[in-house]
Amino acid sequence: MPQADQPTPSPPAAPLLEAARALRRAMLGDAYVDANAASAGTVAADFQDYITTVAWGAWARGGALSPRDRSLLVLAMTAATGRMEEFRLHASVRERTGVTDEELDELLFQIAGYCGAPAGLAARRALKDVRDVQGGREAPGV
């Protein structure tokens, strides 16, 4: 058994992991994925592969939900659980998933209605931050 401070060799990637990696890259972009890549053969890389398989593998497996539907669900769930860093990340790549600004504005009402005002307000602030960084203007009345 390897020591805790020594890297473990990575097994060959399974097809689902490869599909999940490709989808993650397509949705989040090369710059984000490359900037957040863990060194191969490390525990961090193993953990990253695990998360990629679990989270992005759910997208890559196909099924009845479109990338847009999955993106809206991820946005709602990250807001509901207070994971604003992930909410911002997914909100910032909304165009790649097919989610419109109008849908994001409407999602804020759903979040507030079903998760409470604090979650809705936090999501609204996070979305405003994303729009400010991207040079988009705030939707009137939201």
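The values are calculated or read from the model by the stated rules, or taken from the named source; none is laboratory data. This one's a predicted model, so the numbers in the text were calculated from it and none came from an experiment. Don't worry about glycine lacking a Cβ; one is built from the backbone with ideal geometry, like all the others, and counts go over all protein chains shown. We work out accessible area using only protein heavy atoms, side chains counted, and drop any ligands, DNA or RNA first. Shrake-Rupley method; radii C 1.70, N 1.55, O 1.52, S 1.80 Å.
Are any residues in the stretch 43-57 open to solvent by 40 Å² or more (accessible area, probe 1.4 Å) and either under 19 Å from Phe87 (Cβ atoms) or of a type in the set (Val, Ile, Thr) (or both), and if so, which ones?
Residues satisfying the conditions are Val43, Ile51, Thr53, Val54, Ala55.
Quick one: in the stretch 65-89, of everything that is buried (at least 18 other Cβ atoms within 10 Å of the Cβ) and small (Gly, Ala, Ser), which residue is farthest from Gly120 (Cα to Cα)?
Across the stretch 65-89, the extreme among qualifying residues is Ser71.
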